[in-house]
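**Student:** Shown below is the structure under consideration.
The values are calculated or read from the model by the stated rules, or taken from the named source; none is laboratory data. As the structure is a computational prediction, the values presented were derived from the model and not from experiment. For neighbour counting, all protein chains shown are included, and Cβ atoms are generated from backbone atoms with ideal geometry for every residue, glycine included.
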Amino acid sequence: MAIIGPGGIGSTFAFQLSRAGHDVTVVARGRRLEQLRRDHAIVTTAGERAAVTVTHELDPATPWDLVLVTVLVSQVDAVLPALGGSTAKTVMFMFNTFQPLDRLRNAVGADRFAFGFPSVLARLEDGKLSATIPPRAMSNTATDPLWAKVFTEAGLPTTVQPDMQSWLRTHAALIVPLAIAGATANRRGRGLSRAEARIYARAMAEAFHLVRRLENTITPAPIAMVSRLPVLILAPLLWCLSRLKVLVRTIAVVPTGEPRMLIDEMSAIAPEPIPALLAIRP
């Protein structure tokens with residue numbers, strides 16, 4: 001299999017899959033390419049190593065069982081031509097987005113298309129991988145049952161979600177206000193004010209409304225229950241959550257650019273204005 005985009009997420013999957021006995025080729029560029037060529041492996045901050053093959057481009061003639069694409073959504077257009085021209089059996093994109101998935105499906109063909117979402121928390125420190133793999137209750141998500149099983153067996157718990165478009169948009173509706181609120185509380189060292197909690201509650205309610213307007217299903221069921229809460233209840237809930245230090249620190253690791261990107265994607269396809277979400281855009 002090949003992995004395009006060996007940042008924190010791609011490197012974690014490469015490391016775990018290689019350790020599980022799979023032949024892994026990593027496609028990289030720039031400094032990351034130099035690091036991997038030097039090490040011939042994914043190296044962790046603890047000094048563990050997992051051997052990988054390293055290349056600067058995807059070989060279109062190799063019939064990869066899987067090409068896993070873990071670049072940012074803003075970088076995916078650059079790799080679509082190579083993916084469309086490859087002989088890979090399955091192409092799985094794995095990143096956060098609110099955009100329609102149809103263009104990615106059309107680029108590689110519906111019979112080869114898959115999508116996933118990583119729950120792992122990972123970063124590179126001077127080229128070395130530091131990763132935390134959450135428990136199964138907070139597992140990765142993927143549309144393909146076969147690869148969900150492969151990932152799980154490699155120590156990357158993954159559940160199957162056929163309607164990934166609805167799942168991604170539900171996730172964005174929930175996490176965008178939470179991440180921005182969490183970053184605010186973490187930066188200041190104290191929870192939200194009641195007025196701020198109402199602002200973020202209105203943004204979350206607006207985001208869930210947008211998901212429904214786009215005719216997607218709010219999923220999974222626990223989040224569907226949250227989506228039905230009125231702002232009058234949602235605001236005190238966010239006020240309380242912003243005072244849970246463990247939760248705030250966990251949410252605060254989401255890069256600032258990701259909520260901003262998701263709000264911009266929401267705004268671009270929303271059938272009506274989304275003032276509450278734009279008001280909290282970082």
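**Student:** For region 251-275, which residues satisfy the criterion of being touching a residue at least 40 places away in the same chain (Cβ under 8 Å) and over 16 Å from ARG213 (Cα atoms)?
**Tutor:** ILE251, ALA252, VAL253, VAL254, THR256, GLU258, PRO259, MET261, LEU262
**Student:** Right, here's the next one. Give the residues of region 84-113 that are of a type in the set (Ser, Thr, Tyr) and touching a helix residue (DSSP H, G or I) at 6+ places or on another chain (Cβ under 6 Å), sorted by residue number.
**Tutor:** Of everything in region 84-113, just one residue is of a type in the set (Ser, Thr, Tyr) and touching a helix residue (DSSP H, G or I) at 6+ places or on another chain (Cβ under 6 Å), namely THR97.
**Student:** A further question follows. If I ask for residues that are of a type in the set (A, V, I, L, M, F, W, C), buried (at least 20 other Cβ atoms within 10 Å of the Cβ) and either outside the structural domain of PRO273 (by TED's automatic domain parsing) or not in a loop (DSSP other than H, G, I, E, B) (or both), which ones from region 206-222 would you list?
**Tutor:** Answer for region 206-222, where residues must be of a type in the set (A, V, I, L, M, F, W, C), buried (at least 20 other Cβ atoms within 10 Å of the Cβ) and either outside the structural domain of PRO273 (by TED's automatic domain parsing) or not in a loop (DSSP other than H, G, I, E, B) (or both): ALA207, PHE208, LEU210, VAL211.
**Student:** Can you list residue pairs whose Cβ atoms sit under 7 Å apart, with the first residue in region 179-199 being closer than 14 Å to PRO255 by Cβ and the second being in a helix (DSSP H, G or I) and of a type in the set (Val, Ile, Thr)? Count only pairs 6 or more apart in sequence or on different chains.
**Tutor:** ALA179/ILE251; GLY182/VAL248; GLY182/ILE251; ASN186/VAL248
**Student:** Hey, among the residues in region 67-98 that are in contact with a Lys or Arg (Cβ under 7 Å, 6 or more places away or on another chain) and under 17 Å from LEU146 (Cβ atoms), which one's surrounded by the fewest Cβ atoms within 10 Å (Cβ to Cβ)?
**Tutor:** That would be LYS89.
**Student:** Would you be able to say whether some residue in region 102-119 is on the phi < 0 side of the Ramachandran plot, exposed (fewer than 15 other Cβ atoms within 10 Å of the Cβ), among the basic types (Lys, Arg) and out of contact with any Pro (no Cβ under 8 Å at 6 or more places or on another chain)?
**Tutor:** yes
**Student:** Using the structure shown, decide if ALA201 is in contact with a helix residue (DSSP H, G or I) (Cβ under 7 Å, 6 or more places away or on another chain) and of a type in the set (A, V, I, L, M).
**Tutor:** So ALA201 fits the description; yes.
**Student:** Ok, one more. Hey, could you check region 134-145 for residues that are in contact (Cβ under 8 Å) with a residue 12 or more places away in the chain and surrounded by fewer than 18 Cβ atoms within 10 Å (Cβ to Cβ) and say which is nearest to SER227 (Cα to Cα)?
**Tutor:** Checking each candidate, the answer is MET138.
**Student:** Another question, then. Among ALA114, ALA173, which is closer than 29 Å to ILE42 by Cα and either of a type outside the set (Lys, Arg) or free of Cβ contacts under 8 Å to residues at least 12 places away in the same chain (or both)?
**Tutor:** ALA114
**Student:** Got a sec? Which of THR158, THR152 is under 15 Å from the mean Cα position of the chain (by Cα) and either at pLDDT 95 or above or surrounded by fewer than 17 Cβ atoms within 10 Å (Cβ to Cβ) (or both)?
**Tutor:** Going through THR158, THR152 in turn, just one is under 15 Å from the mean Cα position of the chain (by Cα) and either at pLDDT 95 or above or surrounded by fewer than 17 Cβ atoms within 10 Å (Cβ to Cβ) (or both): THR158.
**Student:** Of the residues in region 65-83, how many are in a helix (DSSP H, G or I) and either within 21 Å of GLN165 (Cα to Cα) or among the hydrophobic types (A, V, I, L, M, F, W, C) (or both)?
**Tutor:** 10
**Student:** Which numbered condition trips up GLU196, out of (1) farther than 20 Å from LEU278 by Cβ; (2) assigned by TED's automatic domain parsing to the domain that holds LEU238; (3) not in a loop (DSSP other than H, G, I, E, B); (4) not β-branched (Val, Ile, Thr)?
**Tutor:** Status for GLU196: all satisfied but (1).
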